[in-house]
Amino acid sequence: MPDLLLELFSEEVPARMQADAAEHLKTALTLESIKHKLLPDSGGVPKVFVTPRRLAVWITGLAATQSDTITERKGPKIDAPEAAIQGFLKSTGLTRQQLENRNGVYFAAIQQKGRPTADVLKEIIEKILADFPWPKSMRWGDGEARWVRPLHSILCRFGDEVVPVEFAGVTAGDVTVGHRFLAPQPIAVSASGYERALQEAKVIADREKRKAEIRRQAEAVAAREGLTLRPDEGLLEEVTGLVEWPVVLSGRIDPHYMDLPPEVLVSEMRGHQKYFALQRADGTLADQFLITANMETNDGGAAVVAGNERVLRARLSDGRFFWDQDRKKRLEEWGEGLKNVTFHARLGTVAEKVERVAALAQALAEYVPDADRKSVERAARLCKADLTTGMVGEFPELQGVMGRYYALHQGEDAAVADAIRDHYKPLGPSDAVPSAPVSVCVALADKLDTLVSMFAIGEKPTGSKDPFALRRAALGVIRIILENGIRLPLRQVVASRAEPQEDILPFFSDRLKVQLKDQGVRHDLIAAVFALGEDDLVRLVARVKALQAFLGTEDGANLLAAYKRAANIVAIEEKKDKQSYSQPVDSSRLILAEEHALHQALIHTLHTSDYSSGIEFLLEQERFTHAMSALSKLRPPIDAFFDTVLVNDKDAEVRANRLRLLAQFRAALDKIANFALIEG
């Protein structure tokens, strides 16, 4: 079976768009090939190639000719007017004898012969290119077609045949070119030989291989200097999209700038120049950096290194200026500028947010052990001040970091300075959470204020849209609480900040499900415990884990089944009788031994304050495992009840009493969690 090779060669595609573009091209071409009967559902896995200047896909297993298809069409009834029948025959191209009679209705089976695959591919590819979902695209010249950058050539081969795809004024051929400077000559390639031919022309077409080569070279260069590469997967991904033939070189930082904060040095190198930072064995920043060039040079890269060192000096000179100027003012003075910075049009300025955060942080100090209220207030009032500094204006990613340096410079306590830096944390799932008491208070206050304020004005996440990163804020709150074991009544805290927001706690519940998913905690159990009004996340998680362990036992599974049965019976009868059966059981109307046994078991299980039984007492003591053990004692009597007792007795009072007994059983289990929300 012939292979398909398609390459789109253009001006440099932004690095951030390359991976998604390659995935879309592969997926779209595969799905269209299957849809048009060119590729079986189990066809070969396409391979994609992407570099700054080219986007390519190689597909094996395509049929030489499209499969024949049979399309069935329903026609008029046999006794329909002749004109209708003749019209149907004309539209299908069949004779009356070729139609099939099914229960008095004509049906036509129209056979369509498969077309040459190359012809179909031309149509498919042109449509894919015309509809390509670039985040941003452009037109050039006189054409109307859009692409991410001006398109220079298209290579499209199906076996030995060129597929004459036309797009943006370009007609496909069978040649490409290599590296812009090292091998710019046209080269003819086959599908199977594409990657090898480009390698010889100084282009590593496979993105993952190119990334691995950059890592290999960078680690080798660092090792020769007795240093290690500072981990930065994001920068590695970006640099991979900037070069076709990586050559890693080492440069030096001017000693004059080495007294700047290391974060400033790294941000200058990373943000503007895409340099990798190096570190010594003790983790401190080294005075060297790595450049990923896209060229081999006769001087071994000396001129490239010298040029980059010169550019870095100019960048660091700017950093030095900001560093010196920012420290001439105290953070309180910088904070005055927050009155002119809008947090949200309906929520006021950042200065107003700071006031809210300061008040909330002090309130939270009550729940955070060893949190000094004065330090908490001081940190909260200074935590956003660096947003107006020159350094953070140049490097927004240094917010908080620079605030800490400036706080230490003006003699603030270390706990206050650290809280200024850490109150944005965690920034993502791999980021550590604050653990120092002052930092915890300010970080929680900042995130909770954002959540409560945004929910109060209706700015809630919808679908995949979350412009204010509220999901990340909620996950941050959850992680800080759980990883520090903070006993915080979320409902009370939320209610104290704004009008009651009924949907904010369910929002936390949904985020908690996401957070605990990787730990294997069932989402339905979180919902079942949350439904009881439990808002102490530490206690909630302990309760959920004990419940999950219990339901994994035979007693737990059987009790859940009994609950579902009892709850269904009570719900059906309450609806039919239009009354509730939640009243106390009348023990004088218990007739059978199994009724008495279940009633006594419920009394004992609910109220005994013995260490091993008494659900209410054990729940108050947060002995959740013991509470589940006490619950398991209900299994024998409930099983016996269902085996022996007829609930719908002829005697109305006996029937009502038995329904009240089942309602009490339901209520007993609902003290642990809302079992109605548990799956299974």
- line: Expected single match for out of contact with any strand residue (DSSP E or B) (no Cβ under 6 Å at 6 or more places or on another chain) and either surrounded by fewer than 20 Cβ atoms within 10 Å (Cβ to Cβ) or in contact (Cβ under 8 Å) with a residue 60 or more places away in the chain (or both) among 207, 216 is 216
- prompt: Any idea which residue in region 411-447 is surrounded by the most Cβ atoms within 10 Å (Cβ to Cβ), counting only those that are hydroxyl-bearing (Ser, Thr, Tyr) and in contact (Cβ under 8 Å) with a residue 24 or more places away in the chain?
  reply: 439
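Residues are listed down the side, and each one gets a yes or a no for (1) closer than 24 Å to residue 679 by Cβ; (2) part of a loop (DSSP other than H, G, I, E, B):
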position: 549; (1), (2): yes, no
position: 566; (1), (2): yes, no
position: 575; (1), (2): yes, no
position: 583; (1), (2): no, yes
position: 606; (1), (2): no, no
position: 637; (1), (2): no, no
position: 642; (1), (2): yes, no
position: 649; (1), (2): no, yes
task: Sort out which residues of region 174-192 are without any contact (Cβ under 8 Å) to a residue 40 or more places away in the chain, in a loop (DSSP other than H, G, I, E, B) and surrounded by 13 or more Cβ atoms within 10 Å (Cβ to Cβ), and write them in order of number.
output: 174, 178, 183
- request: Filter region 562-573 down to residues that are without any contact (Cβ under 8 Å) to a residue 12 or more places away in the chain and hydrophobic (A, V, I, L, M, F, W, C) and give me whichever is nearest to residue 660 (Cα to Cα).
  value: 571
Failed criterion for residue 67 (all others in (1) free of Cβ contacts under 8 Å to residues at least 40 places away in the same chain; (2) more than 30 Å from residue 203 (Cα to Cα); (3) out of contact with any helix residue (DSSP H, G or I) (no Cβ under 8 Å at 6 or more places or on another chain) hold): (1)
- prompt: Within the bounds of region 308-323, is there any residue that is of a type outside the set (A, V, I, L, M), surrounded by fewer than 11 Cβ atoms within 10 Å (Cβ to Cβ) and out of contact with any Cys (no Cβ under 7 Å at 6 or more places or on another chain)?
  reply: no
- prompt: So is residue 2 within 30 Å of residue 294 (Cα to Cα) and part of a loop (DSSP other than H, G, I, E, B) or not?
  reply: no
message: Let me spell it out: the conditions are (1) at pLDDT 90 or above; (2) exposed (fewer than 14 other Cβ atoms within 10 Å of the Cβ), and residue 112 meets all of them except one. Which number is the exception?
response: (1)
task: Being in contact (Cβ under 8 Å) with a residue 60 or more places away in the chain and buried (at least 18 other Cβ atoms within 10 Å of the Cβ) is the filter; apply it to region 243-262 and report the residue that is nearest to residue 396 (Cα to Cα).
output: 260
- line: Scanning region 267-294 residue by residue, those touching a residue at least 24 places away in the same chain (Cβ under 8 Å) and of a type in the set (D, E, K, R) turn out to be 268, 270, 274, 280, 287
message: Out of everything in region 584-601 that is within 17 Å of residue 666 (Cα to Cα) and among the aliphatic types (A, V, I, L, M), what residue ends up being surrounded by the fewest Cβ atoms within 10 Å (Cβ to Cβ)?
response: 597
task: Take residue 588 and decide whether it is of a type in the set (Ser, Thr, Tyr) and at pLDDT below 90.
output: no
- request: Within region 280-307, work out how many residues are crowded, with 18+ Cβ neighbours inside 10 Å and under 23 Å from residue 404 (Cα atoms).
  value: 2
- prompt: Could you say whether any residue in region 504-521 is farther than 16 Å from residue 678 by Cβ, among the β-branched types (Val, Ile, Thr) and touching a helix residue (DSSP H, G or I) at 6+ places or on another chain (Cβ under 8 Å)?
  reply: yes
message: I'd like to verify a number: residues in region 314-335 that are acidic (Asp, Glu) and touching a residue at least 12 places away in the same chain (Cβ under 8 Å), how many?
response: 3
message: Checking residue 516 against (1) closer than 17 Å to residue 366 by Cβ; (2) part of a helix (DSSP H, G or I): exactly one of these is not met. Which one?
response: (1)
query: Residues that are of a type in the set (Phe, Trp, Tyr) and under 18 Å from residue 15 (Cβ atoms): which strands (runs of 3 or more DSSP E) entirely in region 212-309 hold 3 or more of them?
result: none
query: For the subset of region 193-204 comprising residues that are surrounded by 14 or more Cβ atoms within 10 Å (Cβ to Cβ) and in a loop (DSSP other than H, G, I, E, B), which member is farthest from the chain's Cα centre (by Cα)?
result: 201
- request: Could you tell me whether region 40-62 includes any residue that is in contact with a strand residue (DSSP E or B) (Cβ under 9 Å, 6 or more places away or on another chain), in a loop (DSSP other than H, G, I, E, B) and of a type in the set (D, E, K, R)?
  value: yes
message: Here are the criteria: (1) part of a loop (DSSP other than H, G, I, E, B); (2) at pLDDT below 95. Tell me which single one residue 72 does not satisfy.
response: (1)
- prompt: Got a number for residues in region 374-390 being without any contact (Cβ under 8 Å) to a residue 40 or more places away in the chain and under 22 Å from residue 452 (Cα atoms)?
  reply: 1
Where residue 488 falls short, out of the listed (1) free of Cβ contacts under 8 Å to residues at least 60 places away in the same chain; (2) within 16 Å of residue 368 (Cα to Cα): (1)
message: Testing residue 11 on (1) at pLDDT below 95; (2) on the phi < 0 side of the Ramachandran plot, one condition comes back false. Which one is that?
response: (1)
- request: Quickly run through region 90-135 and pick out the residues that are farther than 18 Å from residue 35 by Cα and part of a helix (DSSP H, G or I).
  value: 90, 91, 92, 96, 97, 98, 130
message: I'd like to know if region 263-276 contains one or more residues that are among the acidic types (Asp, Glu), outside the structural domain of residue 178 (by TED's automatic domain parsing) and buried (at least 17 other Cβ atoms within 10 Å of the Cβ).
response: yes
- prompt: Limited to region 365-394, what total is found for residues that are small (Gly, Ala, Ser) and over 21 Å from residue 480 (Cα atoms)?
  reply: 3
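Listed here are the residues, each with its yes/no results for (1) among the hydrophobic types (A, V, I, L, M, F, W, C); (2) within 30 Å of the chain's Cα centre (by Cα).
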{"position": "333", "(1), (2)": "no, no"}
{"position": "337", "(1), (2)": "no, no"}
{"position": "340", "(1), (2)": "no, no"}
{"position": "345", "(1), (2)": "yes, yes"}
{"position": "349", "(1), (2)": "no, yes"}
{"position": "359", "(1), (2)": "yes, no"}
{"position": "366", "(1), (2)": "no, no"}
{"position": "377", "(1), (2)": "no, no"}
{"position": "390", "(1), (2)": "no, no"}
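The values are calculated or read from the model by the stated rules, or taken from the named source; none is laboratory data. Worth saying up front: this structure is predicted, and the values here are computed from it rather than measured. All Cβ positions, even for glycine, are placed from backbone atoms using ideal geometry, and neighbour counts span all protein chains on display.
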